[in-house]
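The values are calculated or read from the model by the stated rules, or taken from the named source; none is laboratory data. None of the values given here were measured: they were computed from a predicted structure. As a convention, Cβ positions derive from the backbone with ideal geometry for all residues, glycine included, and neighbour counts pool all protein chains shown. Surface accessibility is based on the protein's heavy atoms, side chains included, excluding ligands, DNA and RNA. Shrake-Rupley method; radii C 1.70, N 1.55, O 1.52, S 1.80 Å.
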Amino acid sequence: MKAFLIDPVARTVTPHNIESWRDIAPALNCDLFDAVYLTPTTTVYVDDEGLYVPDQHFFMFPNGYQALAGRGLVLGVDLDTGDSIDCPLDQIQIESRIFWLGRRQP
């Protein structure tokens with residue numbers, strides 16, 4: 001599936017391909033992940049324990065309810081099944097919506 005990996009340290013959005021949900025945690029460099037809906041058809045997956053990582057970097061989307069910690073992986077959502085599908089947004093659409101928030105101060 002076509003996805004986009006958000007790296008708040010490098011402040012980049014890069015194309016990323018995944019085969020199944022099993023590829024999400026390795027892409028995020030985490031053990032547990034959670035889904036945050038950006039739109040009804042777009043989800044960003046993030047490290048569920050990202051707030052516990054020392055020296056963490058954050059990003060946010062407009063109308064987002066909170067800052068997101070660590071890397072993010074943007075995928076689409078099939079409205080009929082709830083399954084992940086190709087991301088309906090392109091790289092420029094994602095880049096233009098991100099607010100980079102920097103890192104948490106110790």
_region 1-95: GluC sites (Glu not before Pro) falling in loop per DSSP and having at most 10 other Cβ within 10 Å_ = Glu19
*Over region 15-78, what is the relative contact order in whole percent, taking alpha-carbon pairs under 8 Å and six or more residues apart?*
31
*For the chain, what ratio Rg/Rh do Cα atoms give with a Kirkwood hydrodynamic radius?*
0.94
*asked:* Can you give me the % of accessible surface on the chain that is carbon or sulfur? Probe 1.4 Å, all protein chains present, nothing else counted.
replied: 52
_For the chain, calculated [θ]222 nm from helices alone, where every DSSP H run of n ≥ 4 adds -39500 (n - 2.57)_ = -2000 deg cm²/dmol
_Positive-end residue of Tyr45, Ile18, Ser96, charge dipole of the chain with Cβ unit charges_ = Ser96
*asked:* Only sites in a loop by DSSP and with at most 14 other Cβ atoms within 10 Å count here; which chymotrypsin sites (Phe, Trp or Tyr not before Pro) in region 50-106 make the cut?
replied: Tyr65
*asked:* On a full-extension model of 0.36 nm per residue, what is the gain between Arg22 and Asp34, subtracting their alpha-carbon distance, rounded to one decimal in nm?
replied: 3.0 nm
*asked:* What Kirkwood Rh does region 1-55 have if only Cα atoms enter the pairwise 1/r average? Answer in Å.
replied: 12.1
_Added length on full extension, which subtracts the Cα-Cα distance from 0.36 nm per residue, Glu49 to Asp80_ = 8.2 nm
*Rounded to the nearest 20 Debye, what is the dipole magnitude of the chain about its Cα centre when Lys and Arg each give +1 and Asp and Glu each give -1 at the C-beta?*
480
